[in-house]
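Here the structure comes first, spelled out in structure tokens, and everything after it is commentary.
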Amino acid sequence: MIHNPRVVIVIPTYNEAKNVGPVTLALGQVFRSCKGYDMHILFVDDNSPDGTSHEIDKLIKKYPYVHILNNKRKGGLGHAYKKGFIVAITKYKADILFEFDADLQHNPSIIPSMLASIASGSDLVLGSRYIKGGGIPKAWPFYRKFLSVMGNQFIRLVMGNFSVHDWTTGYRAIRTPVVKDILSIMNNAAFQGYTWQIGFLVKTIQKGYKVSEVPFHFRDRTNGHSKLGPEYIFNTMRYIMKARISEILNSRIFKFLVTGGTGTLVQIVALYFYRMGIGYQLANFLSIETAIVSNFTLSNLWTFADRKLKATAIPAKFVQFNLASGGSILIQLVIAFVGEKFIGLFSLFILPIVKINVDTGMIFSFVGILIGMFWNFFAYSRFVWKKK
Ligand SMILES: Nc1nc2c(ncn2[C@@H]2O[C@H](COP(=O)(O)OP(=O)(O)O)[C@@H](O)[C@H]2O)c(=O)[nH]1
Ligand SMILES: [Mg+2]
């Protein structure tokens with residue numbers, strides 16, 4: 001743990017002249033209870049026409065911990081945060097960064113809890129509206145509540161990740177090394193439009209960083225206007241769909257299934273051709289072996305490309321691969337055999353309950369194939385392409 005870590009609260013502003021004073025005051029009060037931390041504020045203003053930067057300059061004269069970064073033109077939230085983070089890290093030597101709104105919708109009183117969460121090992125802490133103790137304004141019209149709540153549920157569902165409850169919150173604490181890492185892998189497109197928040201969080205989770213949440217009540221804006229409209233919702237939805245699809249297409253399980261499917265196809269085609277020249281039994285055996293060669297090659301070059309085998313290791317590994325595949329066949333045979341023994345019981349007890357007429361043999365074969373596949377995946381990733 002760093003001694004007396006420096007915390008920089010980065011606050012992008014666009015036409016927030018009436019808010020920068022009150023937000024500085026509210027933060028200053030909370031800073032007093034952040035013992036052991038060196039607390040700072042960095043406003044990132046995009047040349048707001050309402051004179052926000054003049055108000056900030058007045059605050060800088062009064063409070064030594066207030067700073068400003070002036071951008072020439074309005075570049076959107078993502079750009080403001082990116083530039084703000086870089087300056088907070090290089091010029092102000094931040095150890096921990098916060099994302100925070102100027103409009104006081106983010107209650108600063110949870111900052112100490114968010115810092116405590118970082119101190120106990122979190123990499124990114126979300127100020128969360130959708131966990132116990134959090135909330136959105138009661139006064140919001142129904143459609144706004146609905147969009148906000150359902151939008152987040154939708155994202156959780158699409159991402160298949162239910163450990164995070166508030167994906168779109170703009171209230172966050174992040175450790176500097178994590179900010180540096182994620183900034184280096186986020187492409188520029190993510191800073192345009194409105195996908196900064198969601199994009200940053202998706203990448204942070206994908207990289208395996210520890211994300212946690214602290215609840216807070218999102219307040220209604222009293223001064224100024226929200227800058228986010230329908231295009232924000234649209235862009236967010238489009239972003240997560242794309243992110244999720246590419247996540248699935250790049251997953252090992254997906255590649256494993258495609259490899260297996262390709263193998264089956266190879267086997268059928270090979271069988272067809274071999275039978276033109278040789279007897280059925282031999283052709284059948286050779287087609288299986290051809291599929292195994294195809295599976296082995298694809299696995300090595302694609303599914304397990306990150307653990308690619310050395311050329312010298314390939315012969316021994318290929319034998320291992322054959323044994324693993326044989327194991328899967330054995331599993332299927334055993335399940336079919338045991339299944340047949342119990343078919344009587346099955347049709348006596350289970351079928352009368354579900355009342356459908358099925359070919360029980362097919363069920364056991366199907367179960368056998370599934371379990372066989374699990375075995376294959378297990379054997380490949382544990383033995384043949386062992387993690388280094
Ligand atoms: N520098 C900068 N700040 C922005 C920009 N767009 C929004 N902000 C600020 O980002 C924060 C969040 O925006 P806000 O409109 O409150 O979004 P909402 O809370 O989702 O309605 C506020 O402090 C805004 O002033 C921008 O293009 N540039
Ligand atoms: Mg706001």
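The values are calculated or read from the model by the stated rules, or taken from the named source; none is laboratory data. Being a predicted model, the structure only gives us computed values, none of them experimental. Cβ: placed from backbone, ideal geometry, glycine included. Neighbour counts: every protein chain shown. Remember, those area values only see protein heavy atoms, side chains included, never the ligands or the DNA or RNA. Shrake-Rupley method; radii C 1.70, N 1.55, O 1.52, S 1.80 Å.
Observations on the structure shown:
- Probe 1.4 Å, protein heavy atoms only - accessible area per residue of the chain in square angstrom: 54
- Carbon-plus-sulfur accessible fraction, the chain (probe radius 1.4 Å, protein heavy atoms only): 65%.
- Net charge dipole, region 1-117: roughly 340 debye, given to the nearest 20, about the Cα centre with Cβ charges of +1 for Lys and Arg and -1 for Asp and Glu.
- Shown is the FRET efficiency for Phe254 and Gln153, computed with R0 = 30 Å from the Cβ-Cβ distance and rounded to the nearest 0.05: 0.75.
- Cut-off under 5 Å, modelled amide H: who pairs with Thr13 long-range: Val44, Asp45, Asp46
- Exposure of Lys145 as accessible area (Å², to 10), given a probe of 1.4 Å and all protein chains: 70
- Ranked from largest to smallest solvent-accessible area, with a 1.4 Å probe on the protein heavy atoms, Phe234, Phe318 come out as Phe234, Phe318.
- Ranked order, Thr303, Thr90, Thr222 - accessible area, probe 1.4 Å, largest first: Thr222, Thr90, Thr303
- Nitroxide proxy distance, nm - points 7 Å out along Cα→Cβ at Arg382 and Thr297: 2.9
- For region 233-316, the square roots a ≥ b ≥ c of the C-alpha gyration tensor eigenvalues yield an a/c of 1.5 or more together with a/b not exceeding b/c, which makes the shape oblate.
- Rounded to 10°, Cα long-axis angle of helix 176-185 versus longest principal axis of the chain: 60
- Square roots of five times the Cα gyration tensor eigenvalues for the chain, Å: 57, 25, 19
- Ranked from largest to smallest solvent-accessible area, with a 1.4 Å probe on the protein heavy atoms, Asp50, Asp306, Asp181 come out as Asp306, Asp50, Asp181.
- Fluctuation leader among Ile118, Ile268, Ile245 - the chain, Gaussian network, Cα springs under 10 angstrom: Ile268
- Per-residue 3J(HN,Hα) values for region 258-268, derived from phi via the Karplus relation 6.51 cos²θ - 1.76 cosθ + 1.60 with θ = phi - 60°, read 5, 4, x, x, 4, x, 4, 4, 4, 4, 5 Hz in sequence order (x marks Gly and Pro).
- Residues whose amide H comes within less than 5 Å of that of Ile68, counting only those at least five positions distant or on another chain, are Phe43 (H built at 1.01 Å from N in the peptide plane).
- Extension gain from Asn161 to Asn187, taking 0.36 nm per residue of separation minus the Cα-Cα distance: 7.1 nm
- Computed E for Phe146/Ala336 - FRET, C-beta separation, R0 45 angstrom, nearest 0.05: 0.30
- Remark: region 293-298, residue by residue, has Karplus-estimated 3J(HN,Hα) of 4, 4, 4, 4, 5, 4 Hz, where x stands for each Gly or Pro and the curve is 6.51 cos²θ - 1.76 cosθ + 1.60 at θ = phi - 60°.
- Rounded to whole Hz, the Karplus (6.51, -1.76, 1.60) HN-Hα couplings of region 335-342, x for glycine and proline: 5, 5, 5, 4, x, 5, 4, 9
- Surface accessible to a 1.4 Å probe, Trp375 within the full protein complex, Å²: 80
- Dimensions in Å of region 167-280 - Rg and Dmax from alpha carbons: 23.2, 84
- Euclidean distance of C-alpha centroids, region 28-44 and region 105-127, integer Å: 13
- Helix 196-206 axis, angle to the chain major axis (alpha carbon atoms, nearest 10°): 40
- Restricting the calculation to alpha carbons of region 20-138 gives Rg and Dmax of 14.8, 42 angstrom.
- Taking Tyr171, Tyr232, Tyr274 in turn, the Gaussian network model of the chain (Cα-Cα springs below 10 Å) assigns the largest fluctuation to Tyr274.
- Each Lys and Arg contributes +1 and each Asp and Glu -1, all at the Cβ; summed about the Cα centre of region 109-227, the dipole is approximately 220 debye.
- Between Thr264 and Phe285, the distance separating the two model label sites (each 7 Å from Cα on the Cα→Cβ line) works out to 2.5 nm.
- Between Gln206 and Lys91, full extension at 0.36 nm per residue minus the direct alpha carbon distance yields a gain of 38.5 nm.
- In a fully extended conformation the segment linking Met276 and Lys242 would gain 7.6 nm over its present Cα-Cα distance, using 0.36 nm per residue.
- Think of each Lys and Arg Cβ as +1 and each Asp and Glu Cβ as -1; about the Cα centre, that makes the dipole of the chain roughly 580 debye.
- Taking all protein chains as shown and a probe of 1.4 angstrom, Phe366 keeps an accessible surface of around 130 Å².
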